[in-house]
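The values are calculated or read from the model by the stated rules, or taken from the named source; none is laboratory data. Please read these numbers as outputs of a predicted model, since none were measured by experiment. Positions of Cβ are generated from backbone atoms using ideal geometry, with glycine treated the same way; all protein chains shown enter the neighbour counts. With ligands, DNA and RNA removed, areas are computed over all heavy atoms of the protein, side chains included. Shrake-Rupley method; radii C 1.70, N 1.55, O 1.52, S 1.80 Å.
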Amino acid sequence: MPSRRDMLLFLAASAVAGGTSRAFASPLTAAAQPDLRGAIDAVEYRAIPESGDRKARNLEQMIKQAAAENVPVFLPPGTYRISNLTLPDNTRITGVPGASRIVYTGEGHLFAAENVRRIELSNLVIDGGNRWLGDYAGGLVQFTGVDEVLIDNCEIGGSRKHGLQLERCGGRIERSRVSGAAQAGLYAVDSANLSVTGNTIADCGNGGILVHRWKKAEDGTVVSGNRISNIRANDGGTGQNGNGINIFRADGAMVVNNQISDCAFTAIRANSASNIQINSNQCRRSGETAIYVEFAFEGAVVSANLIDGAANGISIANFDEGGRLASVTGNVVRNLTLKGPYEHEVGFGIGIAAEADTLVSANVIEGAPRWGMQIGWGAYLRNVVVSGNVVRKAPVGCAVSVAEGAGTAVITDNIFQEIAEGAVLGFEWEKRVSGELTEGGSPYGQLTIERNRMS
């Protein structure tokens, strides 16, 4: 027999639906759940697939009631055409994977929440239909100031802006698919303890996963195990758009074990992001530099990544902006091209580039059509160690800066094979100014060049 409490909730849910025989939501008695006061009945709210303003308001009221009762709202298979839902604290909405479809009808936004503790969405298909979003809405799903966002096993598609936008949020985005966003699949700004794991991001107009901060600060976002593909740069630029994973001003982030392919610019781009780890990623067919660590950063570990196809492989750049302190080890870089998306002062086709306070060791570079390694740029060279690398099939194995003001570099124990013009050559900016430097003592006192082999 149902309890008196169940009957009251059933009648209330029927009233929300307008008192018709087709109740918009009804509670089902589940197994008894213990709490500190003893056993009580847990209630689950079920919606029926209907549309229209009235039904959207009914759904919003049901979500609020369920959140207050600390129970989930369940969406059975079907299509739910709604818009402009503001979710309360403790919202839990779940459905049947691939079958419970929420279709945005336009007029502003789909899901939003602000300054609440917890929001959870799971097993839902969320379809923006490429419909107009309000000027105030940054994404089809937009949460601000939510301590714990939990999005699991959802599909988010067809957004005219970002698929999912988070600001000042923590939590987990996992096992979900985001596709067809006009901007980025996921845009997260000023995050706290956010994890983005095991997702698929595809066919987005300007970016895959963006982790940004308004001001440079500790962030700690973990981006791991995602598959990202076909990221365009519809709004153009020289690197602002077209990146699979973009970390901007967010210190302490980790980008690990991702599969990234066919990005218009960079597979992984870290701009002004200190203490970043970029490890064990596969980066294929990048239009510009596959892995870029640039501008005002201190501390970067780039290790065990595989890069196959790019204009440049790995760049540790912008000592002139304070970019320094990195370790680049154990990477494989191959099949680069001279062709890039814009005119570059040096040109493309460079395997690994580094400028300041950096170790470049135990990497394998094959098929760099300009330089296998670029060490320094003009006066911007300090304390770079290049040791134990293998460079094959490049016109120049290692181009090291000997321009006025350039600092110290140690180039030892590397192997160069099938190098057309020279294994180690000195450059003043883009101009070659030396002969082969591996054959005897270097005339440049700031360089130590020893035990390298040409084969």
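Just so you know, in the stretch 342-377 the residues that are part of a strand (DSSP E or B) and among the aromatic types (F, W, Y) include one that is farthest from T238 (Cα to Cα), and it is W371.
Checking the structure you have, find out if any residue of the stretch 175-195 is touching a Ser or Thr at 6+ places or on another chain (Cβ under 6 Å) and under 16 Å from T221 (Cβ atoms). Scanning the stretch 175-195, I find at least one residue that is touching a Ser or Thr at 6+ places or on another chain (Cβ under 6 Å) and under 16 Å from T221 (Cβ atoms), so the answer is yes. Just one of A68, A15, A23 is in a helix (DSSP H, G or I) and either open to solvent by less than 30 Å² (accessible area, probe 1.4 Å) or modelled with pLDDT under 95 (or both); which is it? The match here is A15. Filtered by the rule that a residue be under 18 Å from P88 (Cα atoms), out of contact with any Gly (no Cβ under 6 Å at 6 or more places or on another chain) and part of a loop (DSSP other than H, G, I, E, B), the stretch 165-196 gives C169, G170. Among the residues making up the stretch 355-369, a single one is of a type in the set (V, I, T) and under 11 Å from R382 (Cα atoms): T358. Restricted to the stretch 245-300, and to residues there that are among the aliphatic types (A, V, I, L, M) and in contact (Cβ under 8 Å) with a residue 60 or more places away in the chain, the residue that is farthest from H344 (Cα to Cα) is A296.
Residues in the stretch 105-153 that are hydrophobic (A, V, I, L, M, F, W, C) and in contact with a His (Cβ under 8 Å, 6 or more places away or on another chain): L133, A137, L140.
For the stretch 96-164, the strands (runs of 3 or more DSSP E) that sit wholly inside it and include 1 or more residues that are open to solvent by 20 Å² or more (accessible area, probe 1.4 Å) and over 25 Å from F74 (Cβ atoms) are 111-122, 139-152. Return a yes/no flag: does the stretch 440-454 have any residue that is among the acidic types (D, E), in contact with a strand residue (DSSP E or B) (Cβ under 9 Å, 6 or more places away or on another chain) and more than 22 Å from T329 (Cβ to Cβ). Checked the stretch 440-454: no residue is among the acidic types (D, E), in contact with a strand residue (DSSP E or B) (Cβ under 9 Å, 6 or more places away or on another chain) and more than 22 Å from T329 (Cβ to Cβ). Residues in the stretch 125-176 that are hydrophobic (A, V, I, L, M, F, W, C) and within 14 Å of N199 (Cβ to Cβ): I126, V141, V149, L150, I151, C154, I156, L164, L166, I173.
Only residues that are over 18 Å from G351 (Cβ atoms) and under 36 Å from the mean Cα position of the chain (by Cα) were counted across the stretch 396-411, and they come to 4. Within the stretch 295-308, the set of residues being more than 17 Å from D219 (Cβ to Cβ) and open to solvent by 10 Å² or more (accessible area, probe 1.4 Å) comprises S303, A304, L306, D308.
Residues in the stretch 50-59 that are surrounded by fewer than 16 Cβ atoms within 10 Å (Cβ to Cβ) and not small (G, A, S) were compared, and the one that is modelled with the highest pLDDT is R57. The set of residues from the stretch 220-244 being in contact (Cβ under 8 Å) with a residue 60 or more places away in the chain and open to solvent by less than 10 Å² (accessible area, probe 1.4 Å) comprises just one member, G242. Here D203 meets each of (1) in a strand (DSSP E or B); (2) open to solvent by 10 Å² or more (accessible area, probe 1.4 Å); (3) within 19 Å of F248 (Cα to Cα) with one exception, condition (3). V385 meets each of the listed conditions (1) within 32 Å of the chain's Cα centre (by Cα); (2) crowded, with 22+ Cβ neighbours inside 10 Å; (3) among the aliphatic types (A, V, I, L, M); (4) in a strand (DSSP E or B) apart from (2). Residues that are of a type outside the set (V, I, T) and open to solvent by 50 Å² or more (accessible area, probe 1.4 Å) were ranked within the stretch 396-420; the one that is nearest to N363 (Cα to Cα) is D413. All but one of (1) open to solvent by less than 40 Å² (accessible area, probe 1.4 Å); (2) closer than 22 Å to S303 by Cβ; (3) not β-branched (V, I, T) hold for A423; which doesn't? Among (1) open to solvent by less than 40 Å² (accessible area, probe 1.4 Å); (2) closer than 22 Å to S303 by Cβ; (3) not β-branched (V, I, T), the lone unmet condition for A423 is (2).
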